[in-house]
1. Among the numbered criteria (1) among the hydrophobic types (A, V, I, L, M, F, W, C); (2) within 24 Å of VAL155 (Cα to Cα); (3) out of contact with any Ser or Thr (no Cβ under 8 Å at 6 or more places or on another chain); (4) modelled with pLDDT of 95 or more, which single criterion is violated by LEU113?
2. If you go through the stretch 148-170, how many residues are under 19 Å from GLN27 (Cβ atoms), assigned to a strand (DSSP E or B) and in contact with a helix residue (DSSP H, G or I) (Cβ under 9 Å, 6 or more places away or on another chain)?
3. Which residues, taken from the stretch 50-98, are in contact with a strand residue (DSSP E or B) (Cβ under 8 Å, 6 or more places away or on another chain), loosely packed, with under 15 Cβ neighbours inside 10 Å and either touching a residue at least 12 places away in the same chain (Cβ under 8 Å) or closer than 25 Å to ASP147 by Cβ (or both)?
4. Only one of GLY142, GLY105, GLY101, GLY86 is over 20 Å from TRP17 (Cα atoms) and under 17 Å from the mean Cα position of the chain (by Cα); which?
5. Within the stretch 24-45, does at least one residue satisfy the condition of being within 28 Å of SER166 (Cα to Cα) and either loosely packed, with under 14 Cβ neighbours inside 10 Å or of a type in the set (S, T, N, Q) (or both)?
6. Can you pull out the residues in the stretch 80-112 that are over 16 Å from ARG167 (Cα atoms) and not small (Gly, Ala, Ser)?
7. Which of (1) loosely packed, with under 15 Cβ neighbours inside 10 Å; (2) of a type outside the set (Phe, Trp, Tyr); (3) touching a helix residue (DSSP H, G or I) at 6+ places or on another chain (Cβ under 6 Å) is the odd one out, the single condition ARG141 does not satisfy?
8. Being without any contact (Cβ under 8 Å) to a residue 12 or more places away in the chain and part of a strand (DSSP E or B) is the filter here; which residues of the stretch 117-147 pass it?
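The values are calculated or read from the model by the stated rules, or taken from the named source; none is laboratory data. If you're wondering where the values come from, they're calculated on a predicted model, not measured in any experiment. Heads up, the Cβs are rebuilt from the backbone with ideal geometry, glycines too, and the neighbour counts pull from every protein chain shown.
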Amino acid sequence: MREEDVHAVSTVRITGWQAAYTDLVPQDYLDALTIEEDARTRRDMFARGDGSVLNLVAEEVEEAEDGVVVGWAALGPSREEDREPGDGELLALYAAPDRIGAGVGKALILQTLAAARERPYSRLVLWVIAANARARDFYERGGFVADGVSAQWPVNGTTVHEVRYSRKLTL
């Protein structure tokens, strides 16, 4: 990801949230998300990044133009207090809503796994909303397994249940 990709990544992220999480998180929360605010936050994070988080973009190349960002993934050290040495975390993975099912997510997960091995992480974890069957199925097809750890995420007066997935990485 380059700095000039920030707005496109925010577009993928926010439209992805609004498409994927309808009926999973409160609608007023989704309605309040804006691409502009996310882009401001992401630019700030990008500017002060310490190199520990790797942001990857998937681009669709159109004739005689630069690629159009159609997906984004972020990989970094696990944020969990009880993490094991060598734990990495898939912090985010989004495909543009109109590209879901077109291989964007698969390409990003393969690149993320390769990057995780290079870092080198021995295990990769991620969090997913428990009721998000589509995402859970996607991660399971990618070799991730629900490992029995869960959390509650309070969102605008509602509790959203999340589950952790993990995958051992062979170096």
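1. Result: LEU113 passes all but (2).
2. Residues meeting the conditions: 2.
3. SER52, GLU60, VAL68, ARG79, GLU80, ARG83, GLU84
4. Details: GLY105 fails: over 20 Å from TRP17 (Cα atoms); GLY101 fails: over 20 Å from TRP17 (Cα atoms); GLY86 fails: under 17 Å from the mean Cα position of the chain (by Cα).
GLY142 is the lone residue from the list that is over 20 Å from TRP17 (Cα atoms) and under 17 Å from the mean Cα position of the chain (by Cα).
5. Start the filter on the stretch 24-45 by keeping residues that are within 28 Å of SER166 (Cα to Cα), which leaves 24-26, 29-30, 38, 41-42, 45.
Pick out the ones that are also either loosely packed, with under 14 Cβ neighbours inside 10 Å or of a type in the set (S, T, N, Q) (or both) and you get 41, 45.
Yes; the residues of the stretch 24-45 include at least one that is within 28 Å of SER166 (Cα to Cα) and either loosely packed, with under 14 Cβ neighbours inside 10 Å or of a type in the set (S, T, N, Q) (or both).
6. Step one: filter the stretch 80-112 for residues over 16 Å from ARG167 (Cα atoms), giving 81-82, 94-105, 107.
GLU81, ASP82, TYR94, PRO97, ASP98, ARG99, ILE100, VAL104 - these are the residues of the stretch 80-112 that are over 16 Å from ARG167 (Cα atoms) and not small (Gly, Ala, Ser).
7. Status for ARG141: all satisfied but (3).
8. none
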